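The values are calculated or read from the model by the stated rules, or taken from the named source; none is laboratory data. Worth saying up front: this structure is predicted, and the values here are computed from it rather than measured. Quick reminder, even Gly has a Cβ in these numbers, built from the backbone with ideal geometry, and neighbours come from all protein chains shown.
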Amino acid sequence: MDLGLKGKNVIVTAGTKGIGKAIVEGFLNEGARVITCSRDEKNLESVRKEYHITALKCDLSARESTEKFANEVFKEFPNVDVLVLNSGGPRAGFLFDIEDDDWYRAFEMNFMNFVRLSKLFLKGMIEKRWGRIIFMTSMTVKFPIDNLYTSNAIRSGLVGLVKTMAREFAPFNITVNSVAPGWTLTRRVDELLDEGKKKEIISKIPMGRMADPKEIANLVVFLASEKASYITGQIVLVDGGYSNCI
């Protein structure tokens, strides 16, 4: 199936590991041109060598760094066709574990940076009357996980943003959607769960396993394609049926 992405200019933030890296690879396999970013220079260099793409240093929790990243992107891509807004997970913890600074950092990284980058890259999409914006959230937007207070609260706020933007920019042939991954085999999951907890969770997933990051990426690439031209304002879970069984 030709997804119509060959030659499209694609931005994937936080695309040097885990789900983000799988998304980068998915777009490259479709012939798209991709720029990504990360705070970690070692991860950036690894992606540059593996995929031969532009990978820029950016701290998504800092406004100045985000704006600098956008300015660097415009030097290579005068217009952006697809914007995939991904970020690292905020600090885990229960209510009394989380300080005010943790909340503010999580809000900047997992909400405000999405707002700022959307505004910066939407202008070109409006002019061309074509664009795709995809927010990477989490299954926590549908149901909370006990020790993920910041993710539960802040990513849920993105749902309102996605639905409101989808309504405003649909007349310009711009779709806005969110992909909400379930339990996925990433370093983040390794940090959150010991082997016993992983087995307990897997026992509740109808598919009998956690997702491979590429399975999340497949949906992202499809939503960015010409084939998904009538899908907008949606929050799509990719969780192997887990949400039906809790």
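Within region 68-97, restricting attention to residues that are acidic (Asp, Glu) and at pLDDT 95 or above, the residue that is surrounded by the fewest Cβ atoms within 10 Å (Cβ to Cβ) is GLU76. Please tell me if SER118 is under 13 Å from the mean Cα position of the chain (by Cα) and either surrounded by 14 or more Cβ atoms within 10 Å (Cβ to Cβ) or modelled with pLDDT under 95 (or both). It is true that SER118 is under 13 Å from the mean Cα position of the chain (by Cα) and either surrounded by 14 or more Cβ atoms within 10 Å (Cβ to Cβ) or modelled with pLDDT under 95 (or both). Within region 122-134, can one find any residue that is buried (at least 19 other Cβ atoms within 10 Å of the Cβ), of a type outside the set (Phe, Trp, Tyr), more than 30 Å from ASN152 (Cβ to Cβ) and in contact with a strand residue (DSSP E or B) (Cβ under 7 Å, 6 or more places away or on another chain)? Looking for residues that are buried (at least 19 other Cβ atoms within 10 Å of the Cβ), of a type outside the set (Phe, Trp, Tyr), more than 30 Å from ASN152 (Cβ to Cβ) and in contact with a strand residue (DSSP E or B) (Cβ under 7 Å, 6 or more places away or on another chain), one finds at least one in region 122-134, hence yes. Of the residues making up region 1-34, not one is over 24 Å from ALA180 (Cβ atoms) and crowded, with 22+ Cβ neighbours inside 10 Å. Among the residues of region 143-162 satisfying the criterion of being under 16 Å from the mean Cα position of the chain (by Cα) and of a type outside the set (Gly, Ala, Ser), which is surrounded by the most Cβ atoms within 10 Å (Cβ to Cβ)? By that ranking, first place goes to ARG155.
Looking at region 218-227, is at least one residue modelled with pLDDT of 95 or more, in a strand (DSSP E or B), within 18 Å of the chain's Cα centre (by Cα) and crowded, with 21+ Cβ neighbours inside 10 Å? For region 218-227, residues modelled with pLDDT of 95 or more, in a strand (DSSP E or B), within 18 Å of the chain's Cα centre (by Cα) and crowded, with 21+ Cβ neighbours inside 10 Å: absent.
Per-residue answers, yes or no, for (1) crowded, with 17+ Cβ neighbours inside 10 Å; (2) of a type outside the set (Gly, Ala, Ser):
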position: TRP183; (1), (2): yes, yes
position: GLU195; (1), (2): no, yes
position: LYS199; (1), (2): no, yes
position: GLY208; (1), (2): no, no
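Scanning region 184-215 for residues that are assigned to a helix (DSSP H, G or I) and among the β-branched types (Val, Ile, Thr), we see that the one that is modelled with the lowest pLDDT is VAL189. A Cβ distance below 8 Å, combined with a sequence gap of six or more or placement on separate chains, defines the contacts here; from region 136-150, residues that are small (Gly, Ala, Ser) reach residues that are surrounded by 15 or more Cβ atoms within 10 Å (Cβ to Cβ) and part of a loop (DSSP other than H, G, I, E, B) in the pairs SER138/GLY89. Any residue at all in region 227-237 that's without any contact (Cβ under 8 Å) to a residue 40 or more places away in the chain and either touching a strand residue (DSSP E or B) at 6+ places or on another chain (Cβ under 9 Å) or not aromatic (Phe, Trp, Tyr) (or both)? Yes, there is a match, as at least one residue in region 227-237 is without any contact (Cβ under 8 Å) to a residue 40 or more places away in the chain and either touching a strand residue (DSSP E or B) at 6+ places or on another chain (Cβ under 9 Å) or not aromatic (Phe, Trp, Tyr) (or both).
A count restricted to region 163-181 and to residues that are assigned to a helix (DSSP H, G or I) and either among the hydrophobic types (A, V, I, L, M, F, W, C) or surrounded by 15 or more Cβ atoms within 10 Å (Cβ to Cβ) (or both) stands at 6. Check whether at least one residue in region 33-52 is touching a strand residue (DSSP E or B) at 6+ places or on another chain (Cβ under 6 Å) and in a loop (DSSP other than H, G, I, E, B), and report yes or no. Within region 33-52 (the criterion being touching a strand residue (DSSP E or B) at 6+ places or on another chain (Cβ under 6 Å) and in a loop (DSSP other than H, G, I, E, B)), the answer is no, since none of the residues qualifies.
Pick from region 98-110 the residues that are outside any loop (DSSP other than H, G, I, E, B) and surrounded by fewer than 17 Cβ atoms within 10 Å (Cβ to Cβ): which of them is farthest from the chain's Cα centre (by Cα)? The extreme case among them is ASP100.
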